[in-house]
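Chemist: The structure's right below; bear with me while I get my questions together.
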């Protein structure tokens with residue numbers, strides 16, 4: 001198991017009148033090379049959870065393990081942990097601060113001790129993975145880029161550190177449909193071609209149903225459901241009870257099923273669903 005939590009509990013402002021138990025005894029595991037999704041309503045504990053994966057938060061009780069080792073046991077090297085498990089926050093373009101794209105993307109690798117040709121190679125690697133031409137972008141100011149380009153530069157800075165795990169907290173928030181689609185396609189390609197372990201935190205049920213192979217569903221600081229997208233979204237009563245929506249395509253297929261049509265409800269791409277519906281009605 002690459003990342004694992006055991007009885008993980010996190011309490012904000014413990015011992016005060018404002019105490020909030022954000023995570024309650026969470027047990028889960030993520031294998032190397034997986035693409036997992038974490039979903040839940042606002043305040044369910046999603047973002048609190050992923051900030052434990054690379055030591056940004058420390059548990060009040062329980063353990064966080066990276067390849068079987070408790071990251072808070074013994075001597076802690078948080079820089080090494082964060083180079084292996086990278087976290088991209090919502091609206092990462094707000095964190096851009098250097099005068100050129102090169103310097104911004106180089107910030108993380110430079111903190112790992114890289115310089116010279118090796119540093120340049122990492123910057124080139126990160127930019128090109130995100131579909132940004134090194135020569136065309138390296139000397140530009142990040143503040144003069146479009147919103148989508150800024151998001152991709154921020155992502156390039158993460159990838160330039162060559163992490164084993166990338167955690168994306170609402171990566172497409174605020175983007176137009178074209179930019180959102182392009183960013184998610186690149187993330188999916190990275191997962192497939194680089195064997196990158198991806199953890200996607202999102203409110204977008206359509207995105208997560210298409211991309212993730214396994215889902216963790218949170219509500220009130222508890223892990224209430226886990227499984228494949230088909231398993232999770234077929235648990236309709238639980239999903240609705242905790243205030244989440246079904247992916248629009250799933251909702252449509254389930255409506256057809258409820259109307260008496262013998263049709264599959266575990267399809268999450270328009271192409272597959274279209275073929276299923278067409279075959280069903282042609283056959284009928």
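Chemist: What is region 134-213 by shape, rounded, prolate or oblate, if you read a ≥ b ≥ c off the alpha carbon gyration tensor as root eigenvalues and call it rounded for a/c under 1.5, prolate for a/b larger than b/c, and oblate otherwise?
Modeler: Oblate, because a/c is 1.5 or more while a/b does not exceed b/c.
Chemist: Taking the Cα atoms only, what angle lies between the long axis of helix 248-258 and the longest principal axis of the chain, rounded to 10 degrees?
Modeler: Roughly 20 degrees between the two axes.
Chemist: Related question: Which value at 222 nm does the chain reach when only helices count, each DSSP H run of 4 or more adding -39,500 (n - 2.57), with the total divided by all residues and rounded to the nearest 500 deg cm²/dmol?
Modeler: -12000 deg cm²/dmol
Chemist: Provide the FRET efficiency to the nearest 0.05 for the residue 226-residue 203 pair, computing r from the beta carbons and using R0 = 22 Å.
Modeler: For residue 226 and residue 203, the calculated efficiency is 0.80.
Chemist: For region 87-180, what is the Kirkwood hydrodynamic radius in Å, using each pair of distinct C-alpha atoms?
Modeler: The Cα-based Kirkwood calculation yields 13.1 Å.
Chemist: Right, something else. What FRET efficiency comes out for residue 80 versus residue 236 if R0 is 51 angstrom and r is the Cβ-Cβ distance? Round to the nearest 0.05.
Modeler: After rounding, the FRET efficiency stands at 0.75.
Chemist: Given a cut-off of under 8 Å on Cα pairs at least six residues apart, what relative contact order in percent is computed for region 214-264?
Modeler: Contact order relative to length: 20 percent.
Chemist: So how far apart, in nm, are the two label points at residue 115 and residue 266 if each is 7 Å from Cα heading toward Cβ?
Modeler: The answer from the label model is 5.6 nm.
Chemist: Rounded to the nearest 5, what % of DSSP beta bridges with both residues in the chain are antiparallel?
Modeler: 50
Chemist: Shifting gears a bit: Could you give the distance between the Cα centres of region 139-178 and region 190-212, to the whole Å?
Modeler: 15
Chemist: Sticking with this structure for a sec: Between residue 21 and residue 275, what is the spin-label point distance in nm, taking each point 7 Å from the Cα along the Cα→C-beta axis?
Modeler: Taking the two extended label points, one gets 4.8 nm.
Chemist: Which entry is the computed Cα extents along the principal axes in Å for this structure: (i) 64, 44, 35; (ii) 66, 51, 34; (iii) 74, 45, 38?
Modeler: (ii)
Chemist: List 252, 190, 78 from most exposed to least, where exposure is judged by having the fewest other Cβ atoms within 10 Å.
Modeler: Listed from fewest to most nearby Cβ atoms, that is 78, 252, 190.
Chemist: Just want to confirm a number: the relative contact order over the chain, from Cα pairs under 8 angstrom separated by 6+ residues, in percent.
Modeler: Computed over the chain, the figure is 21 percent.
Chemist: With the contact rule set at Cα under 8 Å and sequence spacing of 6 or more, what percent relative contact order holds for region 77-163?
Modeler: About 46 percent, as a whole number.
Chemist: Note the angle between two axes, namely the Cα long axis of helix 147-159 and the longest principal axis of the Cα atoms of the chain, as a number of degrees from 0 to 90, rounded to the nearest 10.
Modeler: That works out to roughly 70 degrees.
Just so you know, all these numbers are worked out from the coordinates, no wet-lab data involved. Computed from a predicted model, the values in this text were never measured in an experiment. Don't worry about glycine lacking a Cβ; one is built from the backbone with ideal geometry, like all the others, and counts go over all protein chains shown.
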